[in-house]
Amino acid sequence: MTQGTPHSDGIWMKIESVRFTSHALERMRERKISEELILNALRSPDEIFWDLKKNRYVAVKRTEGQGGIAIPFEVKGTELIVVTVIRIKKLGKTVENRKGRRWVEAEVQLRFEV
């Protein structure tokens, strides 16, 4: 895996396994979000940000209408750890409110080998 600073240009992260925290699994059940939807969103996110407050990545994927999901995650070696899952009704507004202040664009590409 090639890594640099969390939000530098051109980082490729090789992902060999995905693990969900118990918190993420609980939120997925509560919010009726499937593991398949999460994995598809991680394989093909609309954007990936670095959360300056939580020091972790956030993958964002539009789903239906104006809504979407945000998936905070960490990468340890070649394992991607889904920390939680957030369903957002007005994704564009949420992203714009956090972008540049709390979230910065992360130029990372996830390469799944799962």
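For segment 11-112, the equivalent ellipsoid derived from the alpha-carbon gyration tensor has semi-axes of 19, 17, 12 Å in decreasing order.
Exposed loop sites, defined as GluC sites (Glu not before Pro) outside DSSP H, G, I, E and B with at most 10 other Cβ atoms within 10 Å, are absent from the longest region of the chain, namely 1-63. Checking the table Lys32/Lys99; Lys54/Lys99; Lys32/Lys76 against a 24 Å threshold on Cα-Cα, which pairs fail? Cα-Cα > 24 Å for Lys32/Lys99; Lys32/Lys76; rest within. Under a 5 Å amide H cut-off, with hydrogens placed 1.01 Å from N, Arg56 pairs with Asp51 among residues at least 5 apart or on other chains. Each residue of segment 24-37 is assigned a 3J(HN,Hα), and the resulting list reads 4, 4, 5, 5, 4, 5, 4, 9, 6, 10, 7, 4, 4, 4 Hz, derived from the Karplus form 6.51 cos²θ - 1.76 cosθ + 1.60 (θ = phi - 60°), x at Gly and Pro.
Summed over qualifying helices (DSSP H, 4 residues or more, each -39500 (n - 2.57)) and divided by its residue number, the chain shows a 222 nm mean residue ellipticity of -6500 deg cm²/dmol. Placing dummy labels 7 Å off each Cα toward the beta-carbon, the span from Lys53 to His23 is 1.3 nm.
No value in this document is a laboratory result; all are computed from the given coordinates. Bear in mind that the values here come from a model prediction, so they are computed numbers and not experimental data. Backbone-built Cβ (ideal geometry, glycine too); neighbour counts: all protein chains shown.
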